[in-house]
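The structure under discussion appears below in the form of structure tokens.
The values are calculated or read from the model by the stated rules, or taken from the named source; none is laboratory data. Note that the structure is predicted; figures quoted are calculated from it, not measured. Virtual Cβ from ideal backbone geometry, glycine too; neighbours counted across all protein chains shown.
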Amino acid sequence: MKPLLALLTYAALVLTSAQAAAYIIQVGDQIRVTLPGESSLNAPLQVDRQGRINIPEVGSVSVAGLSEEALADTVTTAMSSVYRDLSHLKVYVSQQQMLINIQGYVKEPGEYTLPASASVQVALHAAGGLRSGAQLDRLQLKRDGNSRNFDYKAFLDSGDFSRLPTLRSLDTLFIPASPMIGNVETEFDPAKLADGGDAAEDRKAIKVFGEVNRPGSFSYKPSMSLVDLLMRAGGVTRYAGVEQIRVISNSEPELFNLKRYLDSGNESLLPVINAGATIFVPRQEEEIKSGANTVYIMGEVAEPGAYEGKKGATFMDILANAGGPTRFAESRQIRILKASGEVIRFDLSGYTEGTLAQRPPKIEPGDAIFVPEKTDMNEKSWLKVAPDRAVRVLGEVVRPGRIEWSNEMSLLDLLAHVGGPTSRADTSNIEVVSPQDDGKTRTHVFDLDRFIKRGGHDSELPLIRAGATVRVHDLPQDPSDNKSQWVRQSSQRSIYVFGQVGAPGRYRFTNDMHFLDILSAADGPTGNADIHNIRITHRNGKHARVSKLNLALYFETGDPNLLPEVRTGDTIFVPEKNRIWLDQPKETTVRVLGAVNKPGRYRFNDNMTLLDLLAEAGGTGSNAYTEKITVVNLSCCRDQARTFNLSEFSRTANFASLPVIRAGDTIFVPNKADSTAEQVRVGISDIFQSVALLALLGII
């Protein structure tokens with residue numbers, strides 16, 4: 001008994017775990033209800049705030065709190081009052097979601113639909129992120145009338161997700177404003193407040209401004225020196241004129257040479273700082289730098305100017321401090337102008353390539369280095385530029401080739417340098433293959449058309465490095481002759497057109513193109529096309545869906561809203577006029593049954609009559625009972641049937657006697673054998689045969 005009891009206990013635990021893991025429907029979930037032949041059920045249904053979904057022709061059904069199995073039972077029960085055959089009904093959760101209300105100090109407060117597994121960080125990102133000035137340590141989560149505070153900053157400091165609460169549907173996140181920003185809406189930046197110093201409006205504060213990293217007012221301390229104040233201001237910038245610092249203390253101006261103090265370490269050179277003093281650090285470029293230790297560098301370098309010639313500084317040291325030659329520099333013709341008037345030529349390219357035995361010239365104070373500009377920027381660079389300093393441009397550009405590259409350039413600069421794309425270029429599909437630091441390559445596809453139309457910023461351009469390859473594809477020569485382009489044409493950028501069109505096949509397509517554009521590329525519908533029932537299969541979502549188009553109605557009304565929105569990867573099918581009846585939905589057809597030559601389902605429109613439908617069915621048969629043709633009309637409440645005498649109509653031509661036909665109706669033409677007169681005739685014949693048989697038996 002003990003092993004059996006243990007087995008039963010284990011089975012109970014497994015069943016309990018499976019039930020606990022069953023998903024429970026919540027507000028915001030997306031439900032799919034599909035039934036073959038019912039196009040009205042194609043759209044997904046979202047659970048609203050009251051926990052209901054609205055099923056077409058059925059109404060609202062409460063589903064929140066149900067399991068998926070209970071959901072299917074509930075929806076089936078609700079639909080059974082409207083639909084008879086539900087054997088192929090499918091009900092499932094297509095997407096688990098939740099509704100979260102985000103309020104307070106975020107950029108875009110409001111209600112958002114998020115994935116069921118979304119965290120607080122995902123919710124804040126959906127609302128555009130936190131605004132500057134939000135109080136991160138007192139975020140509030142409101143649920144079922146209760147409020148709970150949590151420390152979002154602690155999560156940002158530690159990365160510990162356990163510090164964040166788990167979200168549920170209908171939760172409200174409130175982000176309060178920091179008390180530091182007061183009650184006036186301002187541009188709030190805590191870093192700038194800290195950079196502004198700590199003295200505020202104190203009259204004894206020391207004011208430090210100019211070429212320092214964090215200018216501001218700082219509280220006065222008697223033991224504080226000028227160096228201490230400069231350190232509190234973040235130190236001087238690279239452009240600071242440290243030899244001309246101005247200090248105003250007790251209304252007495254004084255010049256201070258910080259460089260001299262740092263070279264000597266003599267503290268007696270430090271000025272006395274009193275309460276309320278002002279310190280100004282000027283910009284170095286405001287003064288002409290000259291002197292016995294200055295070296296000048298000019299021309300095509302990144303940062304030309306005057307540099308202090310330290311003892312032991314070489315030509316390479318000075319050139320590197322100036323940022324090195326630019327891409328326009330003629331590095332084979334560098335000149336050094338000595339203070340004595342002598343001019344020395346130096347070939348930097350030959351020296352770096354190892355083909356020149358000349359050593360870099362010695363640079364002395366007062367010398368000037370001049371780097372000239374190239375004389376011909378369009379000359380071929382195959383021999384002058386190494387492969388790791390060039391970018392290859394291939395395809396449909398005016399001057400494809402190998403171009404010397406500089407990191408100052410962008411993709412647009414490169415395309416302009418090669419003359420731009422040609423008229424045959426597919427500028428929506430430019431491929432950039434760039435080398436990576438790990439030795440591999442990365443391919444980026446760039447849509448130049450979309451970038452220009454929406455006025456994109458240069459930061460959105462793909463990053464190009466030396467050694468990269470840029471390829472500009474060409475467009476097909478003829479849309480109808482596109483099969484030769486399939487090898488180079490990605491399926492993600494194509495659209496498929498089948499059926500009754502002039503040139504069915506696979507076409508290059510962009511999301512900026514229109515439905516009529518791709519239909520025109522396929523030479524349009526043929527004369528045998530059924531333009532009333534065009535089908536478009538959309539495959540850019542989680543589940544494929546099919547939309548219908550009545551192109552004839554668009555040509556009659558000109559309403560652009562009738563045209564579907566197509567995307568790359570979609571399929572367009574234009575059927576024939578005479579399709580099999582199984583392809584036609586029952587709501588748009590009329591059934592013709594009985595003694596007709598071609599019984600079946602026929603497409604119907606409001607301009608047709610009973611005579612048109614009988615003609616479509618090949619006319620009545622030779623044994624048809626035309627005096628009692630039955631028409632079953634579908635109305636809003638119940639079926640109604642009436643009879644029509646075709647024989648009498650053929651004699652009177654009374655069109656007023658024709659019954660009204662609507663889509664969904666049924667026409668039945670009975671057989672003569674079903675008529676009352678025929679049944680009476682057959683009965684009388686049987687009686688005469690019986691009497692004759694009895695008489696014969698009596699004779700015998």
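Do you know which residues across the stretch 57-109 are without any contact (Cβ under 8 Å) to a residue 24 or more places away in the chain, surrounded by fewer than 14 Cβ atoms within 10 Å (Cβ to Cβ) and part of a loop (DSSP other than H, G, I, E, B)?
Looking only at the stretch 57-109, we keep the residues that are without any contact (Cβ under 8 Å) to a residue 24 or more places away in the chain, and these are 59-62, 70, 72-74, 76-78, 80-81, 84-85, 87, 108-109.
Those left that are additionally surrounded by fewer than 14 Cβ atoms within 10 Å (Cβ to Cβ): 59-60, 73, 77, 80-81, 84-85, 87, 108.
Passing the criteria: Ser80, Ser81, Arg84, Asp85, Ser87, Glu108.
Scanning the stretch 112-120 for residues that are under 21 Å from the mean Cα position of the chain (by Cα), surrounded by fewer than 16 Cβ atoms within 10 Å (Cβ to Cβ) and over 19 Å from Arg163 (Cα atoms) turns up at least one hit.
In the stretch 121-141, the count of residues that are under 25 Å from Asn54 (Cβ atoms) and either assigned to a strand (DSSP E or B) or at pLDDT below 90 (or both) is zero. Restricting to the stretch 491-505, give me the number of residues that are surrounded by 15 or more Cβ atoms within 10 Å (Cβ to Cβ) and under 24 Å from the mean Cα position of the chain (by Cα). Matching residues across the stretch 491-505 total 4. Considering the stretch 281-340, the qualifying strands (runs of 3 or more DSSP E), each wholly inside and each with 2 or more residues that are more than 30 Å from Arg232 (Cα to Cα) and at pLDDT 90 or above, run over 294-299, 334-337. Evaluation of Ala656 against the conditions (1) in a helix (DSSP H, G or I); (2) of a type in the set (A, V, I, L, M, F, W, C); (3) modelled with pLDDT under 55 shows that the sole unmet condition is (3). Among the residues of the stretch 238-266, those that are in contact (Cβ under 8 Å) with a residue 24 or more places away in the chain and surrounded by fewer than 14 Cβ atoms within 10 Å (Cβ to Cβ) comprise Tyr239, Asn250.
Residues are listed down the side, and each one gets a yes or a no for (1) more than 24 Å from Asp449 (Cα to Cα); (2) assigned by TED's automatic domain parsing to the domain that holds Arg424; (3) modelled with pLDDT of 80 or more; (4) part of a helix (DSSP H, G or I):
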| residue | (1), (2), (3), (4) |
| --- | --- |
| Val487 | no, no, no, yes |
| Tyr496 | no, no, yes, no |
| Met513 | no, no, no, no |
| Asp523 | yes, no, yes, no |
| Gly527 | yes, no, yes, no |
| Ile531 | yes, no, yes, no |
| Lys542 | yes, no, no, no |
| Val546 | yes, no, yes, no |
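Under the condition of being in a loop (DSSP other than H, G, I, E, B) and under 28 Å from Glu300 (Cα atoms), the residues counted in the stretch 402-456 number 9. Filtering Ala302, Ala322, Ala275 for residues that are under 30 Å from Asp228 (Cβ atoms) and hydrophobic (A, V, I, L, M, F, W, C) leaves a single hit, Ala275. Restricting Gly619, Gly600, Gly594 to residues that are small (Gly, Ala, Ser) and at pLDDT below 85 narrows the list to Gly600.
Give the residues of the stretch 176-224 that are part of a loop (DSSP other than H, G, I, E, B), modelled with pLDDT of 65 or more and more than 46 Å from the chain's Cα centre (by Cα), sorted by residue number. Residues satisfying the conditions are Asp202, Arg203, Lys204, Ala205, Ser219, Tyr220, Lys221, Pro222, Ser223, Met224. Candidates are the residues of the stretch 428-463 that are without any contact (Cβ under 8 Å) to a residue 40 or more places away in the chain and polar (S, T, N, Q); the one that is surrounded by the most Cβ atoms within 10 Å (Cβ to Cβ) is Ser434. Restricting to the stretch 249-258, count the residues that are under 13 Å from Leu270 (Cα atoms) and assigned to a strand (DSSP E or B). Of the residues in that region, 4 qualify.
Can you tell me which of (1) under 28 Å from Ala177 (Cβ atoms); (2) among the charged types (D, E, K, R); (3) free of Cβ contacts under 8 Å to residues at least 60 places away in the same chain; (4) not assigned by TED's automatic domain parsing to the domain that holds Thr166 is the one Arg49 doesn't meet? So Arg49 meets the others, but not (3). Without any contact (Cβ under 8 Å) to a residue 12 or more places away in the chain and more than 58 Å from the chain's Cα centre (by Cα) - does that describe any residue in the stretch 342-358? Checking the stretch 342-358: at least one residue is without any contact (Cβ under 8 Å) to a residue 12 or more places away in the chain and more than 58 Å from the chain's Cα centre (by Cα).
Within the stretch 137-163, being out of contact with any Pro (no Cβ under 8 Å at 6 or more places or on another chain), buried (at least 17 other Cβ atoms within 10 Å of the Cβ) and within 20 Å of Pro109 (Cα to Cα) holds for one residue alone: Tyr152. If you check Ala624, Ala617 for being in contact (Cβ under 8 Å) with a residue 24 or more places away in the chain, more than 54 Å from the chain's Cα centre (by Cα) and crowded, with 16+ Cβ neighbours inside 10 Å, only one passes: Ala624.
The residues of the stretch 371-408 that are within 19 Å of Val470 (Cα to Cα), at pLDDT 80 or above, out of contact with any helix residue (DSSP H, G or I) (no Cβ under 9 Å at 6 or more places or on another chain) and surrounded by fewer than 17 Cβ atoms within 10 Å (Cβ to Cβ), listed by number, are Arg392, Leu394, Val398, Gly401. Within the stretch 560-588, being at pLDDT below 85 and polar (S, T, N, Q) holds for Thr568, Asn578, Gln584, Thr588.
Just to verify a result, which residue in the stretch 240-268, among those that are among the aliphatic types (A, V, I, L, M) and touching a Leu at 6+ places or on another chain (Cβ under 6 Å), is modelled with the lowest pLDDT? Across the stretch 240-268, the extreme among qualifying residues is Val242.
For the stretch 32-56, taking the residues that are among the basic types (Lys, Arg) and assigned to a strand (DSSP E or B), the one that is modelled with the lowest pLDDT is identified as Arg32.
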